[in-house]
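Report on the structure given below.
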Amino acid sequence: MEQRKKNFHKSVRNAGRFTEETGTDEGMVIGRNAVRELLRSGRDLDKLFVQKGEREGSIVALIAEAAERRIPIVEVERTKLDQMSHFAVHQGIVAMAAQKEYCTVDELFRIAEERGEKPFLVIADGITDPNNLGALIRCAEGVGAHGLIIPKRRSVGVTSAVSKASCGAIEHLAIAKVTNLAATVEELKQRGVWIFAAEAGGDAYYDTDFNCPCALIMGSEGEGVSHLLKERADYITSIPMYGRVNSFNVSTAASVILSEIARQHRAKT
């Protein structure tokens, strides 16, 4: 048992060295034994990368355990794993461990209750760029939001790159990772939260009444808020554009709208 722990921690330390040399993620855990210990530790995993066609020996049990815990499993070619691990002996498997412990949606409500404030949440829909997610985290924390909700799939997790881009804000903002964003939105609505989607074609953000328990959905730069979530939103809110570009970067747009929500929530009546 002691030797397994040493192997696990050695793998994590090695991953950190790979980060400095190659820019890969310092939450990377490489090899079957190290991944086994990571799973046993109960620590959150963002993704499990497995070599295509690799279904023999101990790796089968690791994949099964990851699937049972609903950890996204991505099949890739061996060359991809070689690059990710900087050509370390990966044995056909690499895990990406979360840089932060995720919380539950219930805990986000508890934070609002403890502060004596109306729930004020942010939903990141399909944001895959770590710099954008990190900047969004910084915006959300800066305006006093009670937490961020991200999906398990089709989105970047809380990696070291995200942490760096947040400039430390990640340490102060609660983040919930959910299996199904659409179902989570419905749950929020049932709990009295109004859902606002930041998209073109809606009411100007400065004409929108946010003075209520609310959640703002921010979509990816390429596709915006998904059709599924847009349908479930109570309101569409927009930033009027007067120049030649038709949109802002997601974190820039978030800073504008989130600041208005924070202003309305703190306005004296």
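Structure values in brief
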read-out	value
Vicinal HN-Hα couplings computed from phi for the stretch 118-125 (Karplus, 6.51 cos²θ - 1.76 cosθ + 1.60; Hz; Gly/Pro x)	5, x, 9, 10, 10, 10, 9, 9
Read-out Kirkwood radius over Cα pairs in Å, derived from the coordinates shown; its label in [x] 18.5; [y] 21.5; [z] 19.7	[z]
Dipole axis of the chain (+1 Lys, Arg; -1 Asp, Glu on Cβ), positive-most option in Ala97, Asn211, Ser41	Ser41
Cβ-placed point charges (K, R +1; D, E -1), dipole of the chain about Cα centre in debye, nearest 20	760
Accessible surface of the chain, 1.4 Å probe, proportion on carbon and sulfur as whole %	47
Value at 222 nm in deg cm²/dmol, rounded to 500, when DSSP H runs of n ≥ 4 in the chain each add -39,500 (n - 2.57)	-12500 deg cm²/dmol
Full-stretch length increase - Lys268, Ser41 - with 0.36 nm per residue and alpha-carbon distance subtracted	77.0 nm
DSSP loop trypsin sites (Lys or Arg not before Pro) with at most 15 other Cβ within 10 Å excluded, longest remaining stretch of the chain	71-152
Per DSSP, loop chymotrypsin sites (Phe, Trp or Tyr not before Pro) in the stretch 180-255 with at most 16 further Cβ within 10 Å	Tyr242, Phe248
Mean Cα-pair separation over length for the stretch 168-269, i.e. relative contact order, pairs under 8 Å, 6 or more apart, %	31
Glu56, Glu199, ranked by accessible area, largest first (probe 1.4 Å)	Glu56, Glu199
For the stretch 187-228: rounded, prolate or oblate by the Cα gyration tensor [a/c cutoff 1.5]	oblate
By accessible area with a 1.4 Å probe, ligands and nucleic acids excluded, highest first: order of Glu223, Glu141	Glu223, Glu141
Residue-normalised accessible area of the stretch 163-269, given per residue in Å² at a 1.4 Å probe	54
Three-way shape label, the stretch 197-269, alpha-carbon gyration tensor, a/c 1.5	oblate
Total formal charge among the other residues, if their Cβ is under 10 angstrom from that of Val193, Lys/Arg +1 and Asp/Glu -1	+1
Sequence-distant residues sharing a close amide H with Lys47 (under 5 Å, placed H)	Met96
Accessible area in square angstrom per residue, the stretch 55-95, 1.4 angstrom probe	57
Fraction of antiparallel bridges per DSSP, the stretch 42-147 only, in percent to nearest 5	50
Residue-by-residue Karplus 3J(HN,Hα) for the stretch 213-224, coefficients 6.51, -1.76, 1.60, Hz, glycine and proline x	x, 9, 9, 9, 8, 10, x, 6, 5, x, 10, x
Helical segments meeting 27 Å axial Cα length and Kyte-Doolittle -0.5 threshold in the chain (DSSP H)	none
Antiparallel DSSP beta bridges within the chain, as percent of all bridges there, nearest 5	25
Cβ-defined net charge surrounding Asn180, 10 Å radius [Lys, Arg +1; Asp, Glu -1]	0
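The values are calculated or read from the model by the stated rules, or taken from the named source; none is laboratory data. Not measured: the values here are computed from a predicted model. Here Cβ is always computed from backbone atoms with ideal geometry, including for glycine, and neighbour counts include all displayed protein chains. Calculation scope for accessible area: heavy atoms of the full protein, side chains included, ligands and nucleic acids excluded. Shrake-Rupley method; radii C 1.70, N 1.55, O 1.52, S 1.80 Å.
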